[in-house]
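Here the structure is laid out as structure tokens; the discussion comes afterwards.
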Amino acid sequence: MVVSDVYLHSLSQSKTPTKAKTFPLALSLFLSLSFLSPPTLFSWSVSANSPSKDITHKLKKAMQHLTARRVAGLLSRRGVAAFSSSGVKMASHGHGGVTEQTDMSVPLYWDRLDTPLPDRPYKDTLSDADKSLKQKEKGPWNSLSKEEKLALYRLTFNETYAEMKKPTGEWKTVLGGIFFFIGFTGLVVLWQRYYVYPPHPRTLDDEWQAMQVKRMLDMRVNPVEGFSAKWDYEKGQWK
Amino acid sequence: MISSAVLRGIGSLARTRTAFTAPLAVRCYSHAKVETDEEFDSRWVTYFSKPDLDTWELRKGMNTLIGYDLVPEPKILDSALRACRRLNDLASAIRILEAVKDKSGPHKEIYPYVIQELRPTLQELGISTPEELGIHKV
């Protein structure tokens with residue numbers, strides 16, 4: 001724990017940090033603990049020899065086992081995922097919520113503008129009515145009514161081209177999201193103005209500024225073409 | 001590439017004393033023959049005219065044709081629609097017409113022309129256009 005101790009020590013030595021500064025420090029501290037502790041512990045177990053350090057050594061060993069088990073658990077899960085042949089996506093919370101992935105080894109159906117005829121028809125399992133319609137399709141198509149033709153189309157295809165090209169209204173979600181986050185940022189900025197910024201310097205007050213202007217005019221600052229040149233000294237007003 | 005052109009140029013200079021062909025005038029275009037539009041069309045008409053065309057070949061041909069940067073000529077589409085008839089697939093025939101309309105993009109005059117040219121075939125085979133079935137709109 002040498003690294004983390006030094007870090008804490010340096011923290012306490014520095015000026016009291018503002019609220020805004022502590023979060024990244026806390027995060028980096030946590031990360032340093034989780035990633036640096038196993039290697040540092042391993043290096044100590046090799047060097048520790050004297051009997052006086054027995055108790056601390058046992059403590060370190062215990063922590064080493066704990067962290068090693070955690071690391072081993074992570075590694076084994078990653079290994080299983082790498083070698084799995086089912087192609088199932090690794091869900092973050094284990095076996096319960098695994099999303100179903102399409103089986104790419106069989107002919108697929110798709111609705112695509114640039115590829116009009118997919119590998120298989122949309123409806124594979126036909127009812128008896130559908131089957132008889134399919135039989136009728138083998139005869140002259142002039143004998144089919146409009147509804148039958150439409151039914152045949154819908155058996156083979158899911159969406160028509162018009163339905164594929166239908167506008168989604170996604171832009172509303174995008175624009176709404178943009179405005180929402182801009183608004184949220186505005187709130188954050190507002191909070192910052194009242195809780196983070198230090199008080200205004202007094203030199204920005206109106207009274208002070210007025211006195212400053214008077215002093216500058218009395219000093220004749222830039223009297224030829226600049227500041228004082230714009231002041232009418234006879235009338236006591238700006239030109 | 002440039003060096004071979006220069007060598008060729010120098011070679012020609014060595015052979016002909018009077019003709020001064022500049023080496024740089026030899027262009028490096030590919031020597032493959034460019035297919036004319038008529039050859040392209042007839043190739044595709046022949047493809048779809050195969051009597052024992054199967055469903056895979058129809059789909060493959062149609063998807064490839066739609067992948068090209070062009071709207072197929074009515075005669076190619078006529079051949080494809082007849083292939084659909086041989087395969088007893090009315091839905092694909094209507095889908096092909098939809099695809100042609102989509103391929104025309106902003107050029108709205110192409111699709112009515114194609115339908116007008118295909119009208120005798122459509123009537124003969126009994127294929128309804130998407131407009132007649134009402135699926136041209138959502």
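The values are calculated or read from the model by the stated rules, or taken from the named source; none is laboratory data. Just so it is clear, the structure is predicted and the values come from calculations on it, not from any experiment. Using ideal geometry, Cβ is built from the backbone for each residue, glycine included, and neighbour counts are taken over all protein chains shown.
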- Message: Kindly evaluate B:F48 against the criterion of being in a helix (DSSP H, G or I), within 17 Å of the chain's Cα centre (by Cα), within 14 Å of another protein chain (Cβ to nearest Cβ) and farther than 15 Å from A:L113 by Cα.
- Response: yes
- Task: Can you tell me which residue among B:L77, B:L70 is more than 25 Å from A:A151 (Cα to Cα), modelled with pLDDT of 95 or more and more than 11 Å from chain A (Cβ to nearest Cβ)?
- Result: B:L70
- Extreme residue, surrounded by the fewest Cβ atoms within 10 Å (Cβ to Cβ), among residues of the stretch B:80-91 that are within 14 Å of A:L152 (Cβ to Cβ) and more than 8 Å from chain A (Cβ to nearest Cβ): B:L87
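For (1) of a type in the set (A, V, I, L, M); (2) loosely packed, with under 11 Cβ neighbours inside 10 Å; (3) touching a Leu at 6+ places or on another chain (Cβ under 7 Å); (4) within 14 Å of another protein chain (Cβ to nearest Cβ), each residue gets a yes or a no:
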| residue | (1), (2), (3), (4) |
| --- | --- |
| A:E147 | no, yes, no, yes |
| A:V174 | yes, yes, no, no |
| A:A210 | yes, yes, no, no |
| A:V213 | yes, no, no, no |
| A:D218 | no, yes, no, no |
| A:N222 | no, no, no, no |
- Task: Specify the residue that is surrounded by the fewest Cβ atoms within 10 Å (Cβ to Cβ); the eligible residues are those in the stretch A:117-137 that are facing chain B (nearest Cβ under 8 Å) and not in a helix (DSSP H, G or I).
- Result: A:D119
- Task: Only residues that are among the aromatic types (F, W, Y) and farther than 25 Å from A:L133 by Cα: list them for the stretch A:153-172, please.
- Result: A:W171
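A quick yes/no check of all residues on (1) farther than 30 Å from B:L122 by Cα; (2) outside any loop (DSSP other than H, G, I, E, B):
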site	(1), (2)
A:G139	no, no
A:L155	no, yes
A:E163	no, yes
A:T173	yes, yes
A:F179	yes, yes
- Message: Can you find, within the stretch B:128-138, the residue that is nearest to the other protein chains (Cβ to nearest Cβ) among those that are surrounded by fewer than 18 Cβ atoms within 10 Å (Cβ to Cβ) and in a helix (DSSP H, G or I)?
- Response: B:L133
- Task: Considering only residues that are at pLDDT below 80 and of a type in the set (A, V, I, L, M), look in the stretch A:80-125 and name the one that is farthest from B:C84 (Cα to Cα).
- Result: A:V80
- Note on the structure: Within the stretch B:92-127, of all residues that are buried (at least 21 other Cβ atoms within 10 Å of the Cβ) and at the interface with another protein chain (Cβ under 8 Å from one of its Cβ atoms), the one nearest to B:L53 (Cα to Cα) is B:S92
